[in-house]
Amino acid sequence: MAVRDAASPLVGLVVLFFTWGAWANVEVNMEGRVEVYRGQTAQIACMFLSSDDIGGLTIKWYYVTRSGEKQKIIYQDSTMVKVEQGTVFTDRIRVNGTGATGQVVLSISNVQVHDEAEFICTIGNLTDGTGEGRTKLKVFEIPDNPTIEAVETGISINENSLSKIGACQVKNGFPKPNITWYRNDTPLRNVLDEVKVQTSTTIESSHLFSVNSELSLKVVKEHKDDLFYCQITYFVPGGLKMTETDRINVTVLYPSTAVNVWVESPKGKIKEGDTIELHCHGNGNNPYEITIKHLKSGKSWDTEMLVLKNVTLLNSGVYQCTSLDMETYQDISGNTSVFVNFLHPAEVKPEGPHVMAQGDELTATCNALSSLQTHTAWFKNGKEVSKDHTLMLKDAMFDTAGEYVCVVTVPEIEGMETSRTLLVYVQGQPKIMEPENTEMENVEETVNLTCNARGFPAPKIIWTTSDGEVLHASQRETEEGVHSVVTVKVTSDITVFCNASNEHGTDGVTFNIKATNITTTITPAPNTTTTPDPNTTTTPDPNTTSTTSTTSTITSTITPTISISSSTVKAETALPPKKIKKEGRGVIIAVIIICILLLAILGSVLYFLYKKGKICGRSGKQDLTKEKSNKDNIVVEMKSDNTEEAVLLGVNGEKQPPSDQ
């Protein structure tokens, strides 16, 4: 019992000792790594648990140098924060927090790649208990865009060693970027005597990495179409990124195993007159010399492309192309056949010009030798008259004469044709083609007359007028005869004759032209009509002068002696003569006729009254009889001036002396 009581205090001391030790230790917790881009601010947190209050704690920050030593950069307690001088972080670090919350944060501004290190946070208390935590600071820089360059010269498959394909480069990355070569999406690794990838790294003054990689291969013909590129991988905070370069292709040189020669143009069949373009090319990719040779003529050209202009049948034949390899000095040949289709000029039988008599017949043929099937047709004045190579003309007339064109075409080749002309003349008496108008009124000073005469031999055309004058005219021969034009000066009504003649006869046509270029207008003077006494004779004053422009005289055989004075008619140039005839003269004649009828009626009435003894008595009857014997006619004279004058004329229109009146 005593022993048990004595042991109890001892157990309590042991428990207290262990409890005190647990309280004295400081627990520190930190992230394993902090990642940040170059130039940014890094935040390194230090979290801890301690039994002491904030007044009994000290906080110290260290970093591990590249040589492995611990370098203190900050000291902190409840009363102060002290930054160590002379370190790479002195001017760029500070501490956030006092530790009262169990956490302090170390801030590093403008982080550079050489700041990458391990940082240590140490927490101490008054009872000498300490705890520490560690964090690695990782710095990143995205590299520049990568570049790739291919070799500029061709690579021969006959090279015994590996040939450089190209080089890739990526600059200013951190950590160091990685370069992987690809050929057609397949990564390339070093293979002895086949593939070699050689990479070099450069550390720039900024401590960033630049990487260069070169690819060399044992080149084979199959590489001629391959595409090569580089893939760049680089680290960023929290992961890995990748980018690719452009694709490149290299020129692989290899000898030809075959040569191709072909007609590039024209496509399809060739005809005479075309331009031929011949191409020659080998299937190799070595430097070579090309020669094209026409085996038939022996002519050759040192060119890969041969142009032959305006080809003929002589250009047909076999063309051989020879390629000489400039590396191996071996040659290889190929050939092609060229055929130039031909169409010889058309031949017409009988050959023109051909002269026919009216009523005769003619059979003409047209043929053209060709390498292809042809089609023949005859045309006259653009209209098809025969669809065969034979042209038949029956019962020849003037309409039969003309130019017949034979056209021979090759339907298989557009534009391949030839033609020939046959002139046909039909003998016969000239025939003048009916003019559009032979009766005309001319309002101009001159008029052009046209005369077309058909016939063979070509008629001679003569122009004459009604008074026998021969006119000078232009004349030219046509397919059917003669075309003639004459210019006539019109001063008055005129008749012109066109006469055509040859050894077979003559023909003519007449043109009647009315001159309407001088026009007059009849203007009546003011109305001053005087009706004289039937028994009074009016005698004109011999001293009076009368100016007359137009005078119209009408004679009547009425027995009573009655003199009528009409208004003077004045002529002015204004209206065409034709209009004057129909209107002016017609009105005047109508008025005169009416006056005559009225005078006749009046005379009849007076005579009737005289017979009945109703008027005048015997003496009046005697005077009337006497007047009748002396004056048998009543004449009206209209003068152009404004003076009214009645003049009695004789039966023959002559003035009677005053003594007779």
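In nm, to one decimal, how far is the modelled label at residue 96 from the one at residue 225, with both set 7 Å along Cα→Cβ?
6.1
Stretch residue 330-residue 118 to full length: gain in nm at 0.36 nm per residue minus the Cα-Cα span?
Taking 0.36 nm per residue and subtracting the Cα distance, the gain is 69.3 nm.
What ranking do 182, 62 get, fewest neighbouring Cβ atoms within 10 angstrom at the top?
The most exposed by this proxy come first: 182, 62.
Per 0.36 nm of contour for each residue apart, how much would the distance between residue 357 and residue 414 grow if the chain were fully extended, relative to their Cα-Cα spacing?
16.5 nm
Would you mind calculating the gained length between residue 369 and residue 313 on full extension (0.36 nm times residue separation, minus the Cα-Cα distance), in nm to one decimal?
18.9 nm
Using a simple spin-label model with points 7 Å from Cα along the Cα→Cβ vector, what separation in nm is obtained for residue 479 and residue 385?
If labels sit at residue 479 and residue 385, their model points lie 0.8 nm apart.
Please give the Cα centre distance for the stretch 100-127 versus the stretch 263-336, rounded to the nearest Å.
Measuring centre to centre over Cα atoms gives 83 Å.
In nm, to one decimal, how far is the modelled label at residue 162 from the one at residue 201, with both set 7 Å along Cα→Cβ?
2.0
Below 13 angstrom from the Cβ of residue 262, what's the summed charge of the other residues (Lys, Arg +1; Asp, Glu -1)?
-2
Send over the semi-axes of the stretch 21-140's equivalent ellipsoid, whole angstrom and largest first, taken as the square roots of 5 times the C-alpha gyration tensor eigenvalues.
25, 14, 13
Read the figures in this text as sums done on the coordinates, not as results from a lab. The shown structure was predicted, so the numbers you read here are calculated from the model rather than taken from an experiment. Virtual Cβ from ideal backbone geometry, glycine too; neighbours counted across all protein chains shown.
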